[in-house]
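Everything on this sheet refers to the single structure shown next.
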Amino acid sequence: MSCLFCKIVDGSIPAKHVYDDELCVAIADIHPQSPTHLLVLPRKHISSLANAAAEDQALLGHLLLTANALAQQSGLVNGYRTVINTGDDGGQTVDHLHLHLLGGREYGWPPG
Ligand code: AMP
Ligand code: ZN
């Protein structure tokens, strides 16, 4: 398995882990775009949201609820941004589904 995030999940590549449970891990993004920038990674390898299946429904919900719990723990009382980049047009660069949790500043809309 050559997937970077699978290696981070299994511990063979180091990362700054901030949370883990039986379904997911959360790490600090190596190139933070905000004062808070975490990545929530499912332990299961799913290459992108486009390749998630019906059987992943509960897992996908768990990623969102985990992101909110981490946002609350991070003190993001004024709100935050969650992002899942999907495929080339979506700007995905690591082919293991992940949810960005961004906070600590304001974000514009529409995105760039
Ligand atoms: P995306 O462009 O949505 O696929 O996001 C990939 C994210 O992974 C980017 O924000 C990168 O900065 C981040 N990233 C890449 N390599 C690492 C790493 N070794 N540890 C932590 N974050 C990483
Ligand atoms: Zn993977």
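The values are calculated or read from the model by the stated rules, or taken from the named source; none is laboratory data. Quick caveat, the model's predicted, so the values are computed rather than measured. Virtual Cβ from ideal backbone geometry, glycine too; neighbours counted across all protein chains shown. Calculation scope for accessible area: heavy atoms of the full protein, side chains included, ligands and nucleic acids excluded. Shrake-Rupley method; radii C 1.70, N 1.55, O 1.52, S 1.80 Å.
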Every residue in region 63-73 that is touching a strand residue (DSSP E or B) at 6+ places or on another chain (Cβ under 8 Å) and open to solvent by 100 Å² or more (accessible area, probe 1.4 Å), please. none
Return the only residue of Gly112, Gly108, Gly75, Gly79 being at pLDDT below 95, part of a loop (DSSP other than H, G, I, E, B) and not hydrophobic (A, V, I, L, M, F, W, C). Gly112
In region 74-89, which residues are surrounded by 13 or more Cβ atoms within 10 Å (Cβ to Cβ) and away from ligand 2 (no atom under 16 Å from the Cβ)? Ser74, Leu76, Tyr80, Arg81, Thr82, Val83
Among (1) within 22 Å of Ser2 (Cβ to Cβ); (2) crowded, with 17+ Cβ neighbours inside 10 Å; (3) of a type outside the set (Ser, Thr, Tyr), there is one condition Val94 misses while meeting the rest; what is its number? (2)
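Out of all the residues in region 13-31, which are assigned to a strand (DSSP E or B) and either among the hydroxyl-bearing types (Ser, Thr, Tyr) or open to solvent by 90 Å² or more (accessible area, probe 1.4 Å) (or both)?
Tyr19, Asp20
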Test: Ser34 is closer than 18 Å to Asn85 by Cα and either assigned to a strand (DSSP E or B) or not aromatic (Phe, Trp, Tyr) (or both): yes
In region 17-61, what residues are more than 15 Å from ligand 1 (Cβ to nearest atom), under 12 Å from the mean Cα position of the chain (by Cα) and of a type in the set (A, V, I, L, M, F, W, C)? Leu60
From the residues in region 1-12 that are in contact (Cβ under 8 Å) with a residue 12 or more places away in the chain and surrounded by fewer than 16 Cβ atoms within 10 Å (Cβ to Cβ), which one is farthest from Val83 (Cα to Cα)? Met1
